[in-house]
Structure formats: C-alpha cells, structure tokens
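Written below as structure tokens is the structure these notes are about.
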Amino acid sequence: MKHLPVVVPVITTVVFTVVCIFLALWLTSLVPNNEWGALIKGLIIMFTIGCALVAIAWSAYFTWVIRKSVEEKIK
C-alpha cells in the first residue's frame, strides 16, 4: 500500500502508451500506399504521440493539484 501512489500512475501511463501505439498502428494501416501516404502516416504518428504526451502531462498535473489540495486540507 505504501507504493500505491507510484504504481498506479506508472501502470496507467504504460497502458495508455500501449493503447496509443496500437491506435497509431491501426490508423496507419488504413492509409493507402501512394505519394502522400508516407506524409499522412507520419502526421498520424506525430499527432498520436503528441496527444499521448499531452494527456500524460495533463493527468500528472491534475494528480499534483489534487495531492496538494488534499495535503492543505489535512494540515
């Protein structure tokens, strides 16, 4: 129980990252192979990675804000 505040965010981040990787693979497999295909695939991958990083950063910030507010109410 002592390591729970560390383990839960790590597991959530790992699961979210794996889902984003599978999403990027699935979306890039839908793009046809033509002149613009490589550009579209690159944009899909960059967008997916960017969204994943923003979501992870936002959840870390939200967790930090909640933790600080709970600590202030306890004191």
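Which ³J(HN,Hα) values in Hz, rounded to whole numbers, follow from the phi angles of the range 33-40 under the Karplus curve 6.51 cos²θ - 1.76 cosθ + 1.60, where θ = phi - 60° and Gly and Pro get x?
8, 9, 4, 8, x, 5, 5, 5
Once R0 is set to 30 Å, what does the formula 1/(1 + (r/R0)^6) return for the Cβ-Cβ distance between Ile66 and Leu43, expressed as a FRET efficiency to the nearest 0.05? All intermediate terms of the calculation are to be shown ahead of the outcome.
On the way: r = 34 Å, r/R0 = 1.14.
Rounded to the nearest 0.05, the efficiency is 0.30.
Within the range 6-29, whose backbone N sits under 16 Å from a point 7 Å along Cα→Cβ of Ala55?
Flagged as within label range: 9-28.
For the chain, list log₁₀ I(q)/I(0) at each q in 0.15, 0.19, 0.22 Å⁻¹, using the Debye formula over Cα point scatterers of equal strength and ignoring solvent, two decimals each.
Values, matching the q order: -0.65, -0.83, -0.98.
None of the figures in this text is laboratory data; all of them are computed from the coordinates on show. Only a predicted model underlies this, so the values are computations on that prediction, with no experimental measurement involved. Please note: Cβ atoms are built from the backbone with ideal geometry, for glycine as well, and neighbour counts cover all protein chains shown.
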